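Each remark here refers to the structure printed beneath this line.
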Amino acid sequence: MDTTLVDLAPAVGGAGLTTPAPAPRTATMQVRNLHKQFGDFKVLQGLDIEFVDDAITTVLGPSGTGKSVLLKHLVGLLEPDQGEVLVFGQDIWKATEAERYELRKRFGVLFQDGALFGSMNIYDNVAFPLRKHTDMREDEIADLVMTRLQEVGLERSAHKLPTEVSGGMRKRAGFARGLIMNPDIVLFDEPDSGLDPVRTSLLCDLIQQMHAEHGGTYLLVTHNISAARSCSDYVGMIWQGKLVHYGDAEEAFASDDPFVRQFLAGESAGPLGMD
Ligand SMILES: Nc1ncnc2c1ncn2[C@@H]1O[C@H](COP(=O)(O)OP(=O)(O)OP(=O)(O)O)[C@@H](O)[C@H]1O
Ligand SMILES: [Mg+2]
């Protein structure tokens, strides 16, 4: 007789219940009561946000509200004064240095300027994380790098240096590099900065395409309302160091809430002041 079944029986419930209750799901990325100040200047003042998994969220907020500071906390580059940053349920500042390093590998990050190494061509830039973090052979690396470069339309520029391609191409190269390790989370800090409206919209299409193909929890920070509108599933708004709105993007854009409307319309008249 299989004793395992007998042993398990009480655990699954005696009243005819055969399926145990599902464990409560933990969002991939959560921020709780995050405070951060620099000198006397309080940037984040109790920010709470739980990002919807496997979706694209855009965080909007006026310049200097702490959007980049938030991203740096998520990836573990800045330590909170107070509060928690949970990634896969783990508080990244209670983790050991080694655990934090492992968690960081699950992120793909695209900073404002693409942050490519200027002395390396596009191919080597994209291959860099694989060479650093895996023991893949060069032929395997070549397959993967060329696949990503094709996806972002840069296969013919692989041999070029970052200075030899346009700003939009650098962004796409940064994106290809950000995705090369198959990250579960991808963070973009103003991916549209310095791009004209057509290139911005092409980049948004690419972000959506890649998300549809590879999945993952994407977070985009931008000032660009139309990029937010075309790219995102969810929209978050930061105002005076706190999250003041988080919800479905279409609903936010259709909202009657004067606060949300002013924010999204970028109007000077309304409930939002400058201070
Ligand atoms: N390492 C730091 N030391 C001191 N002050 C900082 C530091 N990082 C950010 N700040 C300050 O924190 C505030 C928020 O900065 P942050 O870069 O997050 O703004 P932002 O919302 O990303 O703005 P933008 O939309 O212009 O990029 C700014 O006033 C900035 O000067
Ligand atoms: Mg910023």
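So who's got an amide H within less than 5 Å of the one on GLY46, skipping anything under 5 residues away but keeping other chains? H placed 1.01 Å off N, in plane.
LEU34, HIS35, LYS36
I'd like the antiparallel share, as a percent to the nearest 5, of DSSP beta bridges with both residues in the chain.
Rounded to the nearest five, the antiparallel share is 55 percent.
Residue-wise, which Karplus ³J(HN,Hα) couplings in Hz belong to segment 54-66, taking 6.51 cos²θ - 1.76 cosθ + 1.60, θ = phi - 60°, and x for glycine or proline?
6, 9, 9, 10, 10, 9, 10, x, x, 4, x, 7, x
Going out from 0 in 5 Å bins, what whole percent of all Cα-Cα distances in the chain drops into each bin?
1, 5, 11, 14, 16, 14, 12, 9, 6, 4, 3, 2, 1, 0, 0, 0
What list of ³J(HN,Hα) values in whole Hz, one per residue of segment 220-229 in order, does the Karplus curve 6.51 cos²θ - 1.76 cosθ + 1.60 (θ = phi - 60°) give from phi, with Gly and Pro shown as x?
10, 10, 7, 9, 8, 5, 6, 5, 4, 5
List, in order, the whole-Hz ³J(HN,Hα) value for each residue of segment 115-120 obtained from phi through the Karplus relation with A = 6.51, B = -1.76, C = 1.60 and θ = phi - 60°; use x for Gly and Pro.
6, 7, 6, x, 8, 10
Would you grab the residues whose amide H sits under 5 Å from the one on LYS105? Only those 5+ places off in sequence or on another chain, please, with H modelled 1.01 Å from N.
Answer set, sorted by chain and number: none.
Roughly speaking, to the nearest percent, how much of the chain's 1.4 Å accessible area is carbon and sulfur?
The nonpolar share, carbon plus sulfur, comes to 52 percent.
For segment 82-103 and segment 115-139, what is the separation of their Cα centres, given in Å?
With segment 82-103 and segment 115-139 each reduced to a Cα centre, they are spaced 26 Å.
What does the net charge come to around SER255 if you take all other residues with beta carbon closer than 12 Å to its beta carbon, with K and R at +1 and D and E at -1?
Neighbourhood net charge equals -4.
Looking at this model, which pairs from LYS132/LYS171; LYS42/LYS67; LYS36/LYS67; LYS72/LYS105 are more than 18 angstrom apart at the alpha-carbon?
LYS132/LYS171
Would you work out the relative contact order for the chain, in percent, from Cα pairs under 8 angstrom that are 6 or more residues apart?
So the answer I get is 23 percent.
Compare PRO183, PRO162, PRO129 in a GNM of the chain, Cα atoms joined below 10 Å, and give the one with the largest fluctuation.
Highest fluctuation among the options: PRO129.
With runs of 4+ DSSP H residues as the only contributors, calculate the mean residue ellipticity of the chain at 222 nm using -39,500 (n - 2.57) per run, divided by the residue total and rounded to the nearest 500.
-10500 deg cm²/dmol, from helical runs alone.
Whole number in Å², please: accessible area per residue of segment 145-236, 1.4 Å probe, ligands, DNA and RNA not counted.
Roughly 40 Å² per residue, with all protein chains present.
Going by the alpha-carbon gyration tensor, a ≥ b ≥ c the square roots of its eigenvalues, is segment 107-182 rounded (a/c under 1.5) or, if a/c is not under 1.5, prolate (a/b greater than b/c) versus oblate?
Judged from the Cα gyration tensor, segment 107-182 comes out prolate (a/c at least 1.5, a/b above b/c).
The values are calculated or read from the model by the stated rules, or taken from the named source; none is laboratory data. Quick caveat, the model's predicted, so the values are computed rather than measured. Because the Cβ atoms are built from the backbone with ideal geometry, glycine has one as well, and the counts that use them run over all protein chains shown. When the accessible area is computed, the model is the full protein with side chains, heavy atoms only, and any ligands, DNA or RNA have been set aside. Shrake-Rupley method; radii C 1.70, N 1.55, O 1.52, S 1.80 Å.
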